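S.K.: What follows is a single structure, and I will ask about it in a moment.
The values are calculated or read from the model by the stated rules, or taken from the named source; none is laboratory data. Because the structure is a prediction, the values reported are computed rather than measured. Cβ atoms come from the backbone with ideal geometry, glycine included; neighbour counts cover every protein chain shown. To get the accessible areas, we keep the full protein, side chains included, count just its heavy atoms, and leave off ligands, DNA and RNA. Shrake-Rupley method; radii C 1.70, N 1.55, O 1.52, S 1.80 Å.
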Amino acid sequence: MRSLLLLLALSAGLTQGYVYGRCELARVLYRDYGFQRDTLGDWVCLVQWESSYNTRATNVNTNESIDYGLFMINDYYWCYSSSPYADCKVDCSALINDDIDDDVSCAVLIQSRQGFAAWYGWQNHCKGQDVESYVSDCVL
Ligand SMILES: *[C@@H]1O[C@H](CO)[C@@H](O)[C@H](O)[C@H]1NC(C)=O
């Protein structure tokens, strides 16, 4: 019951939120957040497959943990939730608003610890693929 209510509350949120364009996101990560040019393909590919560029995306996993936002950040380890971990020191709800500063900081922390392999979307769709094709047509 609890998870059904949670699911309903979360899916109501899915209708809103900002959806980035593919090249728009590449540009923002490159210009505003100073991401290295040669990592952009991996980042954009992972966001495409994790959240489809939607800042309000959420996903309830089978183990009942929840992934939040553009980078589908997991509440068990990274944001404040019922688990004892919140390594990004951020409210999970802040990961589904339109301000992506905290999402980016948290994603960078995750990537620095675990690499892109922390994301199944990246493992399944980007690893070993021509990720440069996700950004090669973009004006950065
Ligand atoms: C729950 O499942 C998600 C998605 O499969 C996974 O990323 C996460 O590590 C799991 N959490 C725990 C505590 O096992």
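S.K.: Summarise the accessible area of the chain (1.4 Å probe, protein heavy atoms) by the percent that is carbon and sulfur. Don't skip to the end; give the middle numbers.
M.R.: Numbers: 3770 of 7640 Å².
Reported share for carbon and sulfur atoms: 49 percent.
S.K.: Sequence-distant or interchain residues sharing an amide H contact under 5 Å with N74, placed H: which?
M.R.: Y68
S.K.: Mind ranking F71, F35 by accessible surface for me, highest first, 1.4 Å probe?
M.R.: F35, F71
S.K.: While we're here: Which loop GluC sites (Glu not before Pro) in the stretch 37-140, with loop taken from DSSP, have no more than 14 other Cβ atoms within 10 angstrom of their Cβ?
M.R.: E64
S.K.: Suppose only helical runs count, i.e. DSSP H with n ≥ 4. What mean residue ellipticity at 222 nm does that imply for the chain under -39500 (n - 2.57) per run, divided by all residues and rounded to the nearest 500 deg cm²/dmol?
M.R.: -10500 deg cm²/dmol
S.K.: So how tilted is helix 2-13 from the main axis of the chain? Cα-based, degrees 0 to 90, rounded to 10.
M.R.: With rounding to tens, the tilt is 40 degrees.
S.K.: Identify the trypsin sites (Lys or Arg not before Pro) of the stretch 56-126 meeting these criteria: DSSP loop state and at most 14 other C-beta atoms within 10 Å of the C-beta. Could you put the intermediate results ahead of the total?
M.R.: Working: sites: R56, K89, R113; in loops: R56, K89.
Counting only loop positions with at most 14 other Cβ atoms within 10 Å, the trypsin sites (Lys or Arg not before Pro) in the stretch 56-126 are K89.
S.K.: Near H125, within a Cβ-to-Cβ distance under 13 Å, what is the net charge of the other residues, with Lys and Arg +1 and Asp and Glu -1?
M.R.: Net of charged neighbours comes to -2.
S.K.: A further question on this structure: Which value, in Å², gives the accessible area per residue of the chain when a 1.4 Å probe is used on the protein heavy atoms?
M.R.: 55
S.K.: Can I ask one more? Just to check I understand the Karplus step: with θ = phi - 60° and J = 6.51 cos²θ - 1.76 cosθ + 1.60, what whole-Hz values come out for the stretch 37-54, glycine and proline as x?
M.R.: In residue order, the calculated couplings are 3, 7, 9, 4, x, 5, 5, 5, 4, 5, 5, 4, 7, 8, 10, 6, 6, 9 Hz.
S.K.: Right, here's the next one. Which value, in Å to one decimal place, does the Kirkwood hydrodynamic radius take for the chain when every pair of different Cα atoms is included?
M.R.: On the way: mean 1/r = 0.0656 Å⁻¹.
So the Kirkwood estimate lands at 15.2 Å.
S.K.: So how far, in whole Å, is the C-alpha centre of the stretch 84-116 from the one of the stretch 18-35?
M.R.: 16
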